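Engineer: Please see the structure below; I have some questions.
Since every read-out is calculated from the coordinates, none of them should be taken as a lab result. Not measured: the values here are computed from a predicted model. Note: ideal-geometry Cβ built from the backbone for every residue, glycine included; neighbour counts use all protein chains shown.
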Amino acid sequence: MNEAAGAIPARPFRTAVPYAELDLSPFADLPAPCWSPELFVLDELIAAVVDRGCLRILDELGEHDVDPRRVGFHRFLRRRLEDAGLRAEDGARAAPFPDDALAAAVAEHGAAAGSTFELIERVVSSGAAFLRGEVDGPAVLFARDAIELWERYFDEANAAYHPINLIAAEAASRAFAGRSDLRVLEVGGGCGSGAVALLDRLGDRIASYRFTEPFPSFLRRGRARVEERLGAASRERLQVSRVDLDRPLADQGVPPGSVDLVFAVNTVHVARDLDASLRELRRALAPGGALVLGEGVRPRPGLSVPIELVFALLPQDDAAGFRDGAAWRRALEGAGFGDVTFLPDLDAAVRVYPTYSMAGIIAKSEGSAAP
């Protein structure tokens, strides 16, 4: 049967290359879930679904004007399609996979990704209305019925998200090899999956753990998860409080030089003033301490990361959001950190997989707490 004029050729979803053909050497010393066949398929499927969603939003927008407050989101949609080798002007026909092929792939693999595909659909279905100024981004993302989605997105069971927790925890373990009695401050702890990964990795080497999160609903969930992981006998090691990275830490009960490890997963990049927040985090560190981040990173400057679509409805400056490795190094060194290293080696990872986009970042404190 001939395809209807302009229809997308009916072919099933598949990855660009088989997993077996990839050079896995840059990922060889990471925990196994951090680069697995399952994660590779999910990574490519998320990109395909996001690209199809970007086309769908622009199709639904049609000839309507974009609200001047929403031009950043419109710019992201077009940049994402350009990065994927697609043209918005070609409409949905440009997508490499038809809706039924992607739906079948999501049905087969999507459960492993927690609520990732549900969050993508939530953004896509509201995207055109958002561009027209008819709905508010935070209302779409953080409505009462969306909280459960976020809890499942940040959960350890999400094979597309949890690897960043594991990479960050592994980076922290390497940064403090042979050390114990660690005083830990986690900022932006969310629902607690990063804390669980770190506690599983460092265990009794942690003398005290301060779990912080600015949003009360996430803080309650995170606290419950961390308390469950620690167990009753170890809960005296735990402090829980709200801490906002956009305010001085000392004003929030975190004195200069008071912690050995500051740990943050997918948090620091959303600071309103990254340089100021990094300086605050450095002040909190004792001599010999380290900041360890788990962050989504751009494979190269300016290249979009598919999952950005989920967060692109949030108001933020164009400078905020994901950064490439070189930009992170500049920011950290500019804030006074030294010996900045990445896990895995980002240059090697991107050479073998050009869209690789997650890393653990270790930034050592130099000398005493900054003035």
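Engineer: Based only on other Cβ atoms within 10 Å, what is the fewest-to-most ordering of Val184, Val240?
Structural biologist: Values: Val184 24, Val240 17.
Ranked by crowding around the Cβ, least crowded first: Val240, Val184.
Engineer: Separate question: Most fluctuating residue of Ala331, Ala107, Ala84 in a GNM of the chain with Cα springs under 10 Å: which is it?
Structural biologist: Ala107
Engineer: Here is a further query. Just subtract the alpha-carbon distance of Arg300 and Ser208 from 0.36 nm times their residue separation and send over the number in nm, one decimal. Show your work: numbers first, answer last.
Structural biologist: Working: separation 92, 0.36 × 92 = 33.12 nm, distance 3.73 nm.
Taking 0.36 nm per residue and subtracting the Cα distance, the gain is 29.4 nm.
Engineer: Let a ≥ b ≥ c be the square roots of the eigenvalues of the Cα gyration tensor of region 30-153; is it rounded (a/c under 1.5), or, if not, prolate (a/b larger than b/c) or oblate? Can you show the working numbers first?
Structural biologist: Details: a/c = 2.04, a/b = 1.33, b/c = 1.54.
It comes out oblate by the Cα gyration axes.
Engineer: Still on this structure, please answer the following. Return the calculated 222 nm mean residue ellipticity for the chain, to the nearest 500 deg cm²/dmol, obtained by summing -39500 (n - 2.57) across DSSP H runs with n ≥ 4 and dividing by the residue count.
Structural biologist: Details: 13 runs with 148 residues, N = 371.
Counting only the DSSP helices, I get -12000 deg cm²/dmol.
Engineer: Could you tell me whether region 152-256 comes out rounded, prolate or oblate from its Cα gyration tensor? Rule is a ≥ b ≥ c as square roots of the eigenvalues, rounded for a/c under 1.5, then prolate if a/b exceeds b/c, otherwise oblate. Walk me through the intermediate numbers first.
Structural biologist: Working: a/c = 1.35, a/b = 1.06, b/c = 1.28.
Here region 152-256 falls in the rounded category.
Engineer: Hey, another quick one. By per-residue mean of other Cβ atoms within 10 Å, what is the highest-first order of 67-74, 213-220?
Structural biologist: 213-220, 67-74
Engineer: Further, regarding this structure: Run the dipole for the chain about the Cα centre, Lys and Arg Cβ at +1, Asp and Glu Cβ at -1, nothing else charged, and hand back the magnitude in debye, nearest 20.
Structural biologist: Numbers: 42 positive and 55 negative charges, 192 e Å.
Dipole about the Cα centre, nearest 20: 920 debye.
Engineer: Report the rotationally averaged projected area of region 162-364 based on its alpha-carbon convex hull, in square nanometres. Could you put the intermediate results ahead of the total?
Structural biologist: Working: hull surface 42.8 nm².
Result: 10.7 nm².
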